[in-house]
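Novice: Take a look at this one; I'll ask things after.
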Amino acid sequence: MTTPDLERDEDGLVRLHKLLARSGVASRRKCEELMLAGEGTVDGEVVTRLGTKIDPTSAVIRVSGRRLPPVSPNVYLVLNKPTGVVSTMSDPQGRRTLSDLVADRPERLFHVGRLDTDTAGLLLLTNDGEFAQRMAHPSYEVDKTYVAEVAGRVPRETLDSLLAGVELDDGPVTVSAVRLVGEGARDKSIVELVIHEGRNRIVRRLLDHVGHPVRKLTRTAIGPVQLTGLKVGALRELTGDELGSLLDAASL
């Protein structure tokens with residue numbers, strides 16, 4: 001998160017209530033009221049003194065429990081990846097890649113995890129290497145939501161078996177949530193499921209295992225970040241709330 005025109009002292013510190021106001025939390029007067037009410041914390045400690053100065057690049061700041069991202073030159077982007085685009089920045093086979101979609105960005109971007117070439121939807125991009133590594137690591141279990149068009153009608157028993165856990169060749173898969181979104185006239189179903197794993201083609205293998213091969217797959221959310229309203233191939237920046245939540249999930 002970048003916040004322009006911050007008045008820093010010779011040690012690079014800023015007044016907390018001014019930072020909150022410049023970051024869009026609320027008006028300056030309202031930010032002062034929130035602090036006086038004990039709604040602001042810095043590194044886990046309640047701060048009520050209005051003159052308190054903090055390092056905006058490293059302090060863990062919360063207002064009413066919500067994480068405020070640090071001031072940083074890094075960018076955190078959401079991409080709606082089209083089907084057919086390879087989740088890499090270059091491809092020796094000459095296929096369309098993520099680089100083609102972010103060619104106008106000046107930063108050297110990393111993709112957080114990946115999506116299969118034939119899977120569309122939400123992908124995070126950043127120039128923060130540590131954030132990218134943490135978010136892609138299995139130990140930081142951020143839920144990912146997928147909507148799949150599958151072959152056949154999916155009975156309640158199959159949804160229950162998915163929730164109970166499925167054993168694949170490379171180990172068990174835990175499904176956090178699953179629901180039948182709809183059924184088509186041509187022997188197809190739309191299923192939404194939430195998992196936190198990132199194994200290769202895990203959703204396709206999972207649904208194939210229970211007898212409903214995937215015909216079309218889209219990732220619609222990562223944690224609190226939603227794909228809603230973002231056109232195919234388009235980018236947007238993470239909101240402060242989205243980034244704060246993901247930083248917490250990655251223990252950053």
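Novice: Go through Ala136, Ala151 for me and flag whichever is modelled with pLDDT under 95 and open to solvent by less than 30 Å² (accessible area, probe 1.4 Å).
Specialist: Unique residue meeting the criteria: Ala151.
Novice: Is there any pair linking a residue in segment 87-100 that is more than 19 Å from Gly198 (Cβ to Cβ) to one that is of a type in the set (D, E, K, R), with Cβ under 7 Å and at least six apart or on different chains, and which?
Specialist: Close Cβ pairs satisfying both conditions: Thr97/Asp91.
Novice: Just to verify a result, which residue in segment 22-55, among those that are among the small types (Gly, Ala, Ser) and under 25 Å from the mean Cα position of the chain (by Cα), is least open to solvent (accessible area, probe 1.4 Å)?
Specialist: Top of the filtered list is Gly40.
Novice: Does at least one position in segment 138-151 carry a residue that is without any contact (Cβ under 8 Å) to a residue 24 or more places away in the chain and either under 15 Å from Ile202 (Cβ atoms) or not aromatic (Phe, Trp, Tyr) (or both)?
Specialist: Checking segment 138-151: at least one residue is without any contact (Cβ under 8 Å) to a residue 24 or more places away in the chain and either under 15 Å from Ile202 (Cβ atoms) or not aromatic (Phe, Trp, Tyr) (or both).
Novice: Is it the case that Met35 is free of Cβ contacts under 8 Å to residues at least 24 places away in the same chain and closer than 30 Å to Gly121 by Cα?
Specialist: The answer is no for Met35.
Novice: With respect to Val181, determine if the residue is open to solvent by less than 30 Å² (accessible area, probe 1.4 Å) and in contact (Cβ under 8 Å) with a residue 12 or more places away in the chain.
Specialist: Judged against the criteria, Val181 is not a match.
Novice: Test of understanding: among Asp241, Asp170, Asp187, Asp248, which residue is touching a residue at least 12 places away in the same chain (Cβ under 8 Å), open to solvent by 70 Å² or more (accessible area, probe 1.4 Å) and under 13 Å from the mean Cα position of the chain (by Cα)?
Specialist: Exactly one of Asp241, Asp170, Asp187, Asp248 is touching a residue at least 12 places away in the same chain (Cβ under 8 Å), open to solvent by 70 Å² or more (accessible area, probe 1.4 Å) and under 13 Å from the mean Cα position of the chain (by Cα), namely Asp241.
Novice: Of all the residues that make up segment 190-218, how many are in contact with a strand residue (DSSP E or B) (Cβ under 7 Å, 6 or more places away or on another chain), closer than 19 Å to Leu122 by Cβ and loosely packed, with under 15 Cβ neighbours inside 10 Å?
Specialist: Adding up the residues that qualify gives 1.
Novice: For Glu157, which of the numbered conditions (1) free of Cβ contacts under 8 Å to residues at least 60 places away in the same chain; (2) charged (D, E, K, R); (3) in a loop (DSSP other than H, G, I, E, B) fails to hold?
Specialist: (3)
The values are calculated or read from the model by the stated rules, or taken from the named source; none is laboratory data. If you're wondering where the values come from, they're calculated on a predicted model, not measured in any experiment. Note: ideal-geometry Cβ built from the backbone for every residue, glycine included; neighbour counts use all protein chains shown. For the accessible areas, the whole protein counts, side chains as well, though only heavy atoms, and no ligand, DNA or RNA atoms are used. Shrake-Rupley method; radii C 1.70, N 1.55, O 1.52, S 1.80 Å.
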